[in-house]
1. So, GLN82, is that one touching a residue at least 12 places away in the same chain (Cβ under 8 Å), under 22 Å from the mean Cα position of the chain (by Cα) and more than 10 Å from the ligand (Cβ to nearest atom) or not?
2. Just checking, which of ALA129, ALA133 is in contact with a helix residue (DSSP H, G or I) (Cβ under 6 Å, 6 or more places away or on another chain), surrounded by fewer than 16 Cβ atoms within 10 Å (Cβ to Cβ) and free of Cβ contacts under 8 Å to residues at least 40 places away in the same chain?
3. Which helices (runs of 4 or more DSSP H) does segment 21-118 wholly contain that include 3 or more residues that are touching a strand residue (DSSP E or B) at 6+ places or on another chain (Cβ under 8 Å) and under 27 Å from ALA131 (Cβ atoms)?
4. Go through (1) surrounded by fewer than 20 Cβ atoms within 10 Å (Cβ to Cβ); (2) within 12 Å of the ligand (Cβ to nearest atom); (3) assigned by TED's automatic domain parsing to the domain that holds PRO110 one by one and return the number of the condition LEU3 breaks.
5. May I ask you to verify whether ASP68 is within 16 Å of the ligand (Cβ to nearest atom), charged (D, E, K, R) and modelled with pLDDT of 90 or more?
6. Could you look through segment 184-222, keep only residues that are part of a loop (DSSP other than H, G, I, E, B) and aliphatic (A, V, I, L, M), and pick out the one that is nearest to LEU253 (Cα to Cα)?
Amino acid sequence: MRLEPLPPWLHEIWARLQAARAAERLVHGLLITGARGVGKRQLAAHFAHSLLCTARLADGFACGRCADCQLLAAGNHPDLIQIGPDPDSKSDTITIDTIRVFTGREALTPSRAAWKIALIDPADRLNTAAANALLKTLEEPAGRTILCLIGERSGQLPATIRSRCQQLKVPLPAEAEALAWLQRHSQQRDLALRLRLAHGAPLLALSGYDDALLAQRRDCLNGFLALAAGTRDPVREAAAWHTVGAAQLLDWLAGWLCDLLRLHVSVAPPRLNNPDRRDEFASLATRFNAADAHRFLQQIFTARQQLAANINPQLLLEALALDWARCNHAVRQRRN
Ligand SMILES: [Zn+2]
């Protein structure tokens, strides 16, 4: 695979990695964490290419021309191993069988380059047995092997794994820097809004927030406001939400509730998740009950955990839509 240039907000972490390499302080276990869409995979891929390239540039990046770089570009360098959930399996976990295949003695010895690097992605999908198998390799690493674990939720990894890895937390760029980068890389409109909705993660704003998703968000948000006004049926609205996906809806709902609570305590909050709908939120914020909103927000957080535990997503969304309609109905009753 050919690599896009590393985005500017990753340059500082890159320099740290290269300094560790120059000082021969590279550790055998690296854990790259950070928000979705911030560039963890790009960083890991550049790092892997840099380790395997035989003519790397002064700033540590791979040359893109040597025989090893050509193998990397073709996706078949024997010293770069990609480990993830089995695409043919129903389970989306990384199993012990997958880990065993590469922890065999020969598999850990570089074939042609100075290093062997395994990218384990997403690392939070390692099941318990796989994590234990990996632990052995982290405890007794082979000479020039680096295991690079990549994940959004490092907290889900066993502490034994985390403690044996050097953690690199990829930070979100400042909003102005992210926006400037987006403007250089995208012709889309509403980049500032897309970036806000992507929680400040530029790569997610660039490739995750396309026009279709923005339109879905507009419709779901209209439904959310209509539920509050008592002009829409909650079960039908929940069915519409379900077509977008429960995880996405829970993310939006949390953002909407946070904006309502911000506008409830201040007419000019410094930051809103949904600045384009400020007036409608401000109007609703004057009407609802803050205790209800806090309780509803808590319910959204609980729903996230339930979703991770495989609860039926449609029922979950129905319960939320009904509850949101109910607490707004109660507010209207009290006012009349
Ligand atoms: Zn090269």
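The values are calculated or read from the model by the stated rules, or taken from the named source; none is laboratory data. Small disclaimer: the values here were computed from a predicted structure and weren't measured. Here the Cβ positions follow ideal geometry from the backbone for every residue, glycine too, while neighbour counts run over all protein chains shown.
1. yes
2. ALA129
3. In segment 21-118, 40-52, 96-103 are the helices (runs of 4 or more DSSP H) which contain 3 or more residues that are touching a strand residue (DSSP E or B) at 6+ places or on another chain (Cβ under 8 Å) and under 27 Å from ALA131 (Cβ atoms).
4. (3)
5. Yes.
6. ALA198
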